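Colleague: Dropping the structure in here first, questions after.
The values are calculated or read from the model by the stated rules, or taken from the named source; none is laboratory data. These numbers come from a predicted model, not from an experiment. Here the Cβ positions follow ideal geometry from the backbone for every residue, glycine too, while neighbour counts run over all protein chains shown.
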Amino acid sequence: MKIYVDKLLTNTERTALCVRPSGRGDDAIIAAQAICDDVKARGDAALMEYTEKFDRIKLDRFKVPQEEIQKAKSQVSPTVMHALETAARNIRAFHSVQTGIEPRVETMEGVVCWRERRAIESVGLYIPAGSAPLPSTVLMLGIPATIARCKRIVLCSPPTLRSVVSPYILAAADFIGITEVYVLGGVQAIAALAYGTESIPKVDKIFGPGNKYVTAAKRYVASQPGGPAIDVLAGPSELLVIADDTARAALVAADLLSQAEHDPFSQVVLVTTSEHLARQVNEELPRQLERLPRRALAKEALGKSFTLICDSLDAALRFSNQYAPEHLIVNTQRPEEIVPLVHSAGSVFLGSFAPVTAGDYASGTNHTLPTGGEAKVYSGVSVESFQKTITVQAISPTGLKNLSDTLTTLAETEGLEAHKRAVLARWSN
């Protein structure tokens, strides 16, 4: 990876380093918009054409029959099923505490306000499977959706070479009770969930990670009048590692490669206070890369990645917060001391025994996280992502009397006479 020295960079150069590879150029945006508009106009016919074009599969239906979902369980080994069960248990444990009831607040005598949570009724889960099936994403999205009690949970995933959804994805869906599954991937799946077609009813909110085309499609459909909400712009994957001279180069290289192998547009970044470690990691990366089945993808991603050498951990954290990574590993002598200084990151992994792999699969936290710097303002997926809140106020006669002067004064100030009269009418005969 190319090495930069922080103190030699201008602010403009440092800002340029924060621009993700997938954010350079508008080819994905143009392509995604064209496909979404076509699906909106032509429905199922467009879905079939794009599936044949991009997935090289000719489909005669999109919905996966229940018998096919049941059959998938027999195609998954007991070892894999046990791993899915363990992961599901930890994910459910972490997310189950996110359903707390908020207290009612008496803002003044006789005026009580509170918020009620309600599930989003219809949600669509997009599960990538282009270069590899991701049953873990089924758990990460499906479990909080079921905890939130969404009435309709729809799952879309690309076809395999046999024109069906991966048995791993189907088995995971069945395990957590998702029964509405469609064999459909890419931009066309996002468009179908957003607008609805003859075969696939539209949803209220779309969840799930994807490549730069899927991410562009989510952004586009959410911007359209009447379009769905989306969770976060999740993908391609990214990782930033903050490391000092106590970190092992082989371990840092392994962490970087674990995210580089996701996608050719993934980006991994090492920010270190040790020039020696930076050189060691660069020597270690090609050695480990050669042993990876997905080395071509990882190598391309590494070509878009970099190392930044900083004079101090404070400088390293300043850059990390500016970059706002999806995943942040803190591999330093005292990592927990750094946590209060982390202001922008999707998910943080502390110490040399906390690989991103843990959060990707089974530590319990969610792996659907903001990318592209969105961690500055967005959080990862949680139970709350599948809910909305409704504010409620209960006002007694005493409460309205206590508020009356304030309400009528502000209504007069804003020139809204009917607002004022709506208050005074309560006291008239």
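Colleague: Determine, yes or no, whether ILE178 is farther than 24 Å from VAL39 by Cα and not in a helix (DSSP H, G or I). Don't jump to the end; show me each part of the working.
Modeller: Values: farther than 24 Å from VAL39 by Cα: yes; not in a helix (DSSP H, G or I): yes.
Yes, satisfied.
Colleague: Here's something else I'd like to know. If LEU240 meets every condition in (1) buried (at least 18 other Cβ atoms within 10 Å of the Cβ); (2) assigned to a helix (DSSP H, G or I) apart from one, which number is that one?
Modeller: Of (1) buried (at least 18 other Cβ atoms within 10 Å of the Cβ); (2) assigned to a helix (DSSP H, G or I), only one is false for LEU240: (2).
Colleague: Can you tell which of ALA119, ALA87 is under 23 Å from GLY235 (Cβ atoms), buried (at least 16 other Cβ atoms within 10 Å of the Cβ) and either in contact (Cβ under 8 Å) with a residue 24 or more places away in the chain or in contact with a Leu (Cβ under 6 Å, 6 or more places away or on another chain) (or both)? Before the answer, list the steps.
Modeller: Details: ALA119 fails: under 23 Å from GLY235 (Cβ atoms).
From the options ALA119, ALA87, the qualifying one is ALA87.
Colleague: Can you work out which of the residues in region 167-188 that are touching a Pro at 6+ places or on another chain (Cβ under 8 Å) and more than 26 Å from ARG219 (Cβ to Cβ) is surrounded by the most Cβ atoms within 10 Å (Cβ to Cβ)?
Modeller: First pass over region 167-188, keeping only residues touching a Pro at 6+ places or on another chain (Cβ under 8 Å): 168-169, 171-172, 183-186.
Narrowing the set further to residues that are more than 26 Å from ARG219 (Cβ to Cβ) leaves 168, 171-172.
Values: TYR168: 24, ALA171: 22, ALA172: 30.
Ranking the qualifying residues of region 167-188, first place goes to ALA172.
Colleague: Something else about it: Just name the residue that is modelled with the lowest pLDDT out of those in region 189-219 that are surrounded by fewer than 24 Cβ atoms within 10 Å (Cβ to Cβ) and among the hydroxyl-bearing types (Ser, Thr, Tyr).
Modeller: Going through the qualifying residues, I end up with TYR213.
Colleague: Looking at region 29-49, which of the residues that are touching a helix residue (DSSP H, G or I) at 6+ places or on another chain (Cβ under 7 Å) and small (Gly, Ala, Ser) is farthest from ARG219 (Cα to Cα)? First the steps, then the outcome.
Modeller: As a first pass, look at region 29-49 and keep what is touching a helix residue (DSSP H, G or I) at 6+ places or on another chain (Cβ under 7 Å): 29, 31-33, 35-36, 38-40, 46-47.
With the extra rule that they be small (Gly, Ala, Ser), the set shrinks to 31-32, 46.
On the way: ALA31: 13, ALA32: 10, ALA46: 20 Å.
So the residue we want is ALA46.
Colleague: Right, here's the next one. If you take the residues of region 303-342 that are among the small types (Gly, Ala, Ser) and over 23 Å from ASP263 (Cβ atoms), which of them is surrounded by the fewest Cβ atoms within 10 Å (Cβ to Cβ)?
Modeller: Of the residues in region 303-342, the ones among the small types (Gly, Ala, Ser) are 303, 305, 312, 315-316, 320, 324.
Still in the running and over 23 Å from ASP263 (Cβ atoms): 312, 315-316.
Numbers: SER312: 11, ALA315: 16, ALA316: 27.
Residue satisfying both the conditions and the ranking: SER312.
Colleague: Another one. Can you list the strands (runs of 3 or more DSSP E) found entirely within region 318-429 that contain at least 3 residues being out of contact with any Cys (no Cβ under 6 Å at 6 or more places or on another chain) and in contact (Cβ under 8 Å) with a residue 60 or more places away in the chain?
Modeller: Details: elements: 327-331, 347-350, 387-395.
So the answer is 327-331, 387-395.
Colleague: Turning to a different aspect of this structure: Within region 66-87, does at least one residue satisfy the condition of being within 21 Å of PRO128 (Cβ to Cβ), touching a strand residue (DSSP E or B) at 6+ places or on another chain (Cβ under 6 Å) and β-branched (Val, Ile, Thr)?
Modeller: Checking region 66-87: not a single residue is within 21 Å of PRO128 (Cβ to Cβ), touching a strand residue (DSSP E or B) at 6+ places or on another chain (Cβ under 6 Å) and β-branched (Val, Ile, Thr).
Colleague: Does region 148-164 hold any residues that are in contact with a Gly (Cβ under 9 Å, 6 or more places away or on another chain), over 15 Å from LYS205 (Cα atoms) and not small (Gly, Ala, Ser), and which are they?
Modeller: PRO158, PRO159
Colleague: State which residue is nearest to ALA234 (Cα to Cα) when the search covers only region 255-311 and only residues that are part of a loop (DSSP other than H, G, I, E, B) and among the polar types (S, T, N, Q).
Modeller: So the first thing to find is which residues in region 255-311 are part of a loop (DSSP other than H, G, I, E, B), and the list is 261-266, 273-274, 290-294, 303-305, 310-311.
Narrowing the set further to residues that are among the polar types (S, T, N, Q) leaves 266, 273-274, 305.
Details: SER266: 11, THR273: 29, SER274: 31, SER305: 18 Å.
The selected residue is SER266.
Colleague: Applying the selection to region 262-320, what residues are more than 27 Å from GLY373 (Cβ to Cβ), polar (S, T, N, Q) and either at pLDDT below 95 or within 29 Å of the chain's Cα centre (by Cα) (or both)?
Modeller: If the condition is that a residue be more than 27 Å from GLY373 (Cβ to Cβ), polar (S, T, N, Q) and either at pLDDT below 95 or within 29 Å of the chain's Cα centre (by Cα) (or both), then GLN288 is the only one that fits.
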